[in-house]
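Here's the structure we're looking at; comments come further down.
The values are calculated or read from the model by the stated rules, or taken from the named source; none is laboratory data. Predicted model only: the values in this text are computed from it and were never measured. Side chains included, ligands, DNA and RNA excluded: accessible areas come from the protein's heavy atoms. Shrake-Rupley method; radii C 1.70, N 1.55, O 1.52, S 1.80 Å.
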Amino acid sequence: MPSGRSAYRTLDDYNNDMDLLVQRHPNLVKKVTLPHRTTQGRTVYGIEVTKDAQASDGKPVLLITGMVHGNEWASGEVAIEYAFDLTKNYGQDKKITRLLDRTRVMVVPIVNVDGFVANSRRTATNTDMNRNFGFGWSPDEPFPGAGPWSEPETENVRDVISSRQVTTFLTMHTCLANMLYPPLQLEAGLPQDIDAFRAFADAMGEQNGYYHVTSAEDYETAGEAIDWSYYATRGLGVTVEVCTNPPTGLPRTYQTLVPEQYWGIGAVA
């Protein structure tokens, strides 16, 4: 992996690695403290990666979040590894250099810190964070929370997007090897920007082999991050389901679920 790791991180590992990137690349990396502590009182951190990271430059933002579900470990790993990849290759790789010269990439590797610590998709409040977003929230969904935005973790994502020029939002999950975009409900019809969603997902699919459909075509839900982000901001919000079941006979290990998918060399079906 770009960082050199070969095993899953702990919470301390994530926080230390974000600090390490800031120390190594102070002009490229800025650490960010998200505004709301978790339900259990933990702080949520992220980093911004761009040329002249400390400047207030108004660049468009690519936001990448991991572990909205705390047991989906690979989603956080690929998010933070991308930050290592960017910093390692800035000035060496033309595409990465151009990206960071023009765009601010924000990475929040663990949205649901409490869930990650407990290795559970839901915190002690028994809420599925990806059913708690305000647009289309429904009490009929499994574990939607007490109401829309009832959880500080979803408020963090809302506030990050609302306070920045987030034009593209990738929320990383596991483990279906596909990409999903609005709408969440078939009756909503296709979004106005469906052609842009498809073109964007096509370009990503050429790299990783993942297929893409609307989230509703996969299965209908309510209160997810991508519906709120798109209909609130018109930024392109895509759920990326990282990794899949490894080939028959191979165990579900870090190696089969993280590096092989990150580099696009592993099985996707």
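Miscellaneous remarks
- Within straight-line cross-link reach of Lys88, aspartates and glutamates at Cα separation under 17 Å, skipping those fewer than 8 residues along the same chain: Asp17, Asp19, Glu48, Asp52, Glu77, Asp101
- Cα pair distances of the chain binned at 10 Å [whole percent]: 7, 31, 39, 21, 2, 0
- With only the Cα atoms considered, the stretch 115-202 has a convex hull volume of 129 Å³ per residue.
- Straight-line cross-link partners of Lys94 among the lysines, defined as a Cα under 17 Å from its Cα and at least 8 positions apart when in the same chain: Lys51.
- Across the stretch 146-269, the convex hull enclosing all Cα atoms gives 129 Å³ per residue.
- Average accessible surface for the stretch 143-269: 44 Å² per residue, computed with a 1.4 Å probe over protein heavy atoms with every protein chain in place.
- For Met106, the residues whose modelled amide H falls within less than 5 Å of its own, excluding neighbours fewer than 5 places apart on the same chain, are Val49, Leu62, Leu63, Ile64.
- Shape call, the stretch 28-80: gyration tensor on alpha carbons, a/c limit 1.5: oblate
- Share of carbon and sulfur in the accessible heavy-atom surface of the chain [1.4 Å probe, %]: 48 percent
- Taken one residue at a time, the phi angles of the stretch 66-73 give Karplus couplings (6.51, -1.76, 1.60, θ = phi - 60°) of x, 6, 4, 9, x, 9, 9, 4 Hz. Gly and Pro are set to x.
- Springs between Cα atoms under 10 Å define the GNM used for the chain, and in it the highest mean-square fluctuation of Leu86, Leu11, Leu34 occurs at Leu11.
- Amide H contacts of Asn178: Glu241, each under 5 Å away and 5 or more positions distant or on a separate chain (H built 1.01 Å from N in the peptide plane; Pro and chain starts excluded).
- With helices as the sole contributors, the chain gives -10000 deg cm²/dmol at 222 nm; each DSSP H run of n ≥ 4 counts as -39500 (n - 2.57), and the sum is divided by every residue.
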